[in-house]
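S.K.: Please see the structure below; I have some questions.
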Amino acid sequence: MDGPAEVVLLTGFGPFGPHRQNPTEVLARELDGQRVAGRRVVGLVLPVVYGEDTALVEEALATWQPAAVLALGLAAGSPDLRVERLAVNLSMTEQAGEELPIVADGPAAYLASSDPIAVAAAIVAAGCPAHAHTFAGTYLCNHVFYQTLHHVASRSPGLPVGFLHLPYAQELERADPAAPALPLALLRTGVLAALRAVV
Ligand code: PCA
């Protein structure tokens, strides 16, 4: 087993709502075990369930003590990769319109601890469309991003944590067939460039 800081943690999400295939699940599985920038990628697929997502991330942080964390999620309808700048202390519940704090006494927001502009530039330089985007929404992607940054702030300050929203993949089933999609190989190129940039 690799020692502390020899691993980079890459998370993806499973299916949710009408999205029966999630490109981030496919890429987290595919890249698991690969070497990037001298480190081994540990790819982890999270369920789209409040609490179960962060429990798995916290367990992986304790087990692997990674050098960096890159979390992925699907942003259906996005034409390019979004490198998220902010995680906010709000979570949308199943009851439409209801938003509750993720951590009752937590800060209103955390900034990504990896540089979103630099990560977006690295993805674009690798040939994949991307931009730095303001925030990751109020659903599970924001939840895992906020909780990971909250955990890291007290336990491993300075650990780079980034979040990347991916568009649909052309090869996978899409809930909205008219929405933009990129080839899976291009999404993989973008994620690999982001991993190199966050480590
Ligand atoms: N996308 C959702 C949750 C899981 C995923 O892949 C989001 O943007 O919050």
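The values are calculated or read from the model by the stated rules, or taken from the named source; none is laboratory data. Values in this document were obtained by computation on a predicted structure and should not be read as measured data. Note that each Cβ is placed from the backbone with ideal geometry, even for glycine, and that neighbours are counted across all protein chains shown. Note: areas computed on protein heavy atoms with side chains; ligands, DNA, RNA excluded. Shrake-Rupley method; radii C 1.70, N 1.55, O 1.52, S 1.80 Å.
S.K.: Of all the residues that make up the range 127-154, how many are over 14 Å from ALA112 (Cα atoms), among the hydroxyl-bearing types (Ser, Thr, Tyr) and either more than 16 Å from the ligand (Cβ to nearest atom) or surrounded by 24 or more Cβ atoms within 10 Å (Cβ to Cβ) (or both)?
M.R.: The qualifying residues number 1.
S.K.: Can you run down the residue pairs with Cβ atoms below 7 Å, 6 or more apart or on separate chains, where the first is in the range 16-30 and within 22 Å of THR93 (Cβ to Cβ) and the partner is open to solvent by less than 40 Å² (accessible area, probe 1.4 Å)?
M.R.: Going by the 7 Å Cβ cut-off, the qualifying pairs are PHE16/VAL48; HIS19/LEU74; ASN22/GLY12; ASN22/PHE13; ASN22/GLY14; ASN22/LEU74.
S.K.: For the list (1) in a loop (DSSP other than H, G, I, E, B); (2) open to solvent by 40 Å² or more (accessible area, probe 1.4 Å); (3) away from the ligand (no atom under 12 Å from the Cβ), I need the number of the one condition that TYR50 fails.
M.R.: The one condition TYR50 does not meet is (3).
S.K.: Based on what the data block shows, is VAL26 at pLDDT 95 or above, within 16 Å of the ligand (Cβ to nearest atom) and either touching a Lys or Arg at 6+ places or on another chain (Cβ under 6 Å) or part of a loop (DSSP other than H, G, I, E, B) (or both)?
M.R.: Numbers: at pLDDT 95 or above: yes; within 16 Å of the ligand (Cβ to nearest atom): yes; either touching a Lys or Arg at 6+ places or on another chain (Cβ under 6 Å) or part of a loop (DSSP other than H, G, I, E, B) (or both): no.
Spelling it out, it is not the case that VAL26 is at pLDDT 95 or above, within 16 Å of the ligand (Cβ to nearest atom) and either touching a Lys or Arg at 6+ places or on another chain (Cβ under 6 Å) or part of a loop (DSSP other than H, G, I, E, B) (or both).
S.K.: Something else: Looking at the range 6-23 only, could you name the residues that are within 14 Å of the ligand (Cβ to nearest atom) and either farther than 21 Å from SER78 by Cα or surrounded by fewer than 21 Cβ atoms within 10 Å (Cβ to Cβ) (or both)?
M.R.: Start the filter on the range 6-23 by keeping residues that are within 14 Å of the ligand (Cβ to nearest atom), which leaves 10-23.
If the condition is that a residue be within 14 Å of the ligand (Cβ to nearest atom) and either farther than 21 Å from SER78 by Cα or surrounded by fewer than 21 Cβ atoms within 10 Å (Cβ to Cβ) (or both), then GLY14, PRO15, PHE16, GLY17, PRO18, HIS19, ARG20, GLN21 are the ones that fit.
S.K.: In the range 175-192, what residues are open to solvent by 10 Å² or more (accessible area, probe 1.4 Å) and not in a loop (DSSP other than H, G, I, E, B)?
M.R.: ALA181, LEU182, LEU184, ALA185, LEU186, ARG188, THR189, LEU192
S.K.: Can you name every residue in the range 155-174 that is surrounded by 16 or more Cβ atoms within 10 Å (Cβ to Cβ) and either closer than 30 Å to ALA62 by Cβ or of a type outside the set (A, V, I, L, M) (or both)? Walk me through how you get there before you give the answer.
M.R.: First, pick out the residues of the range 155-174 that are surrounded by 16 or more Cβ atoms within 10 Å (Cβ to Cβ): 159-169, 172, 174.
LEU159, PRO160, VAL161, GLY162, PHE163, LEU164, HIS165, LEU166, PRO167, TYR168, ARG174 - these are the residues of the range 155-174 that are surrounded by 16 or more Cβ atoms within 10 Å (Cβ to Cβ) and either closer than 30 Å to ALA62 by Cβ or of a type outside the set (A, V, I, L, M) (or both).
S.K.: Just the residues that are open to solvent by 30 Å² or more (accessible area, probe 1.4 Å) and in contact with a Ser or Thr (Cβ under 9 Å, 6 or more places away or on another chain), please, taken from the range 57-81. Step through it out loud before you land on a result.
M.R.: If we filter the range 57-81 for residues that are open to solvent by 30 Å² or more (accessible area, probe 1.4 Å), which is where we start, we get 58-59, 62-65, 76-77, 79.
GLU58, GLN65 - these are the residues of the range 57-81 that are open to solvent by 30 Å² or more (accessible area, probe 1.4 Å) and in contact with a Ser or Thr (Cβ under 9 Å, 6 or more places away or on another chain).
S.K.: Please find, within the range 110-121, the residue that is nearest to ALA197 (Cα to Cα) out of those that are surrounded by 20 or more Cβ atoms within 10 Å (Cβ to Cβ) and in contact with a Gly (Cβ under 9 Å, 6 or more places away or on another chain). Working first, answer last.
M.R.: Residues of the range 110-121 that are surrounded by 20 or more Cβ atoms within 10 Å (Cβ to Cβ), as a first pass: 110, 112, 114, 116, 119-120.
Of the ones still in play, those that are also in contact with a Gly (Cβ under 9 Å, 6 or more places away or on another chain) are 112, 114, 116, 119.
Numbers: ALA112: 13, SER114: 8, PRO116: 10, VAL119: 6 Å.
Top of the filtered list is VAL119.
S.K.: Let me ask you something else. Are there any pairs with C-beta distances below 9 angstrom linking a residue in the range 46-65 that is at pLDDT 95 or above to a residue that is assigned to a helix (DSSP H, G or I) and basic (Lys, Arg), with the two at least 6 apart or on different chains, and if so which?
M.R.: Cβ pairs passing all conditions: LEU61/ARG155.
Every residue, every condition in (1) among the polar types (S, T, N, Q); (2) assigned to a strand (DSSP E or B), yes or no:
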residue: PRO107; (1), (2): no, no
residue: ALA118; (1), (2): no, no
residue: ILE123; (1), (2): no, no
residue: THR134; (1), (2): yes, yes
residue: ASN142; (1), (2): yes, no
residue: HIS151; (1), (2): no, no
residue: SER154; (1), (2): yes, no
residue: PHE163; (1), (2): no, yes
residue: GLU173; (1), (2): no, no
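S.K.: Is it true that some residue in the range 105-126 is within 13 Å of the ligand (Cβ to nearest atom) and out of contact with any Asp or Glu (no Cβ under 9 Å at 6 or more places or on another chain)?
M.R.: Step one: filter the range 105-126 for residues within 13 Å of the ligand (Cβ to nearest atom), giving none.
No.
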